[in-house]
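The values are calculated or read from the model by the stated rules, or taken from the named source; none is laboratory data. Note that the structure is a prediction, hence the values are computed from the model and not measured. In this analysis, Cβ positions are derived from the backbone assuming ideal geometry, glycine residues included, and neighbour counts consider all displayed protein chains. Quick note on the areas: whole protein, heavy atoms, side chains included, nothing else; ligands and nucleic acids left out. Shrake-Rupley method; radii C 1.70, N 1.55, O 1.52, S 1.80 Å.
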Amino acid sequence: MSEQGAVVYAEDSALPASQALAERLGWPFLALPDLSTDSPALFFLSFRDGCLKLLDKQTLKKGGLAVDVDPRPGEQHSYPAPKKDLLAQAIGKKTKTVIDATTGWAQDSLALFRMGYEVSCIERSPVMAELIADGFQRLAQKDWVLNRQLQTPKLRVGNAIELLAGLSDKPDCIYLDPMFPAKRKQTAATRKSMAILRDILGDDLDRADLFAAAWQATGKRVVVKSPDYAEPLGGKPSESYQGKLLRYDVYLK
């Protein structure tokens, strides 16, 4: 995402935080009275409704996308959540430490955290990293996190290939959810969040190199989430868990 394509703007209650955010990203800064739908910017970041949101022109007046730290529909609210779904089966019930090397909107990282895994995150987009960091700050204030004195996921910003190569300790699992070319219509909610994520990141053309880096850096396994039409990223997997529209390929050392 270019600086010409994005703006940080402030609603009245968040001027200092918004100005600091604009400085970190090197984006133009506008206060709310200066903003209009005629702005040439394609994307906007703003503190709204108690969180940092990514907006486009359609959601300038109301709405926007934020990292949702609450359980997804169908997930239990207990902690730790049961390790029963396909993601948990792929990660492994005996796994303790997980690195999500392609964090995106952090929904899988947060699901793993709620299951009791020790999660670290890597995100190469500074924009998404700001949204993730805001989400993790809100997560840290949840009663169930405070009462149990839980450590929220750690976040590192940068190229995952380089960061994985520099790890001092091997995690039990490295989780990859690279951006594959889209080939299927999705729900409106998914389409919106994924479309914006794709605009920010583009397709992960280096995903083969990312898998190779993950394989070298992991202690026990690499798990790759992919759409069901995609070829396995690392060749024939040791195990595979098939859902309706996606698949988790597991590569065991």
- Query: What nm distance separates the two modelled labels at Leu167 and Glu75, each placed 7 Å from Cα along Cα→Cβ?
  - Reply: 2.2
- Over all pairs of distinct alpha carbons, what does the Kirkwood formula give as the hydrodynamic radius of region 207-253, in Å? 10.8
- Quantify how much of the Cα-Cα distance distribution of region 42-128 extends past 18 Å, in percent. 52
- Item | Using θ = phi - 60° and Karplus 6.51 cos²θ - 1.76 cosθ + 1.60, couplings along region 51-61 (whole Hz; Gly, Pro as x) | 7, 8, 10, 9, 10, 10, 5, 6, 10, 4, 7
- With the Cα gyration tensor of region 118-171 giving a ≥ b ≥ c as the square roots of its eigenvalues, does the rule (a/c under 1.5 for rounded; else a/b larger than b/c for prolate; else oblate) give rounded, prolate or oblate? oblate
- Note on the structure: If amide H atoms are modeled at 1.01 Å from N in the peptide plane, then the residues at a separation of 5 or more from Leu246, or on another chain, having amide H under 5 Å from its own are Asp228
- Bounding extents of region 24-168 in its principal axis frame from Cα atoms, largest first in Å, are 53, 36, 27
- Leaving ligands, DNA and RNA out of it, report the carbon-plus-sulfur percent of the accessible area of region 120-177 at a 1.4 Å probe. 44
- Message: Taking amide H atoms as placed 1.01 Å from N in the peptide plane, list the residues 5 or more away in sequence, or in a different chain, whose amide H sits under 5 Å from that of Arg48.
- Response: Lys53
- Message: Calculate the FRET efficiency for Leu146 and Glu239 from the Cβ-Cβ distance with a Förster distance of 45 Å, rounded to the nearest 0.05.
- Response: 0.75
- Taking H placed 1.01 Å from N in the peptide plane, check which residues at least 5 places from Leu42 or on another chain put their amide H under 5 Å from its amide H. Ala6
- Item | Using θ = phi - 60° and Karplus 6.51 cos²θ - 1.76 cosθ + 1.60, couplings along region 67-77 (whole Hz; Gly, Pro as x) | 6, 8, 9, 8, x, 6, x, x, 7, 6, 8
- Message: Can you compute 3J(HN,Hα) from phi for each residue in region 207-213, using the Karplus curve 6.51 cos²θ - 1.76 cosθ + 1.60 with θ = phi - 60°, rounded to whole Hz and x for Gly and Pro?
- Response: 5, 5, 5, 5, 4, 4, 5
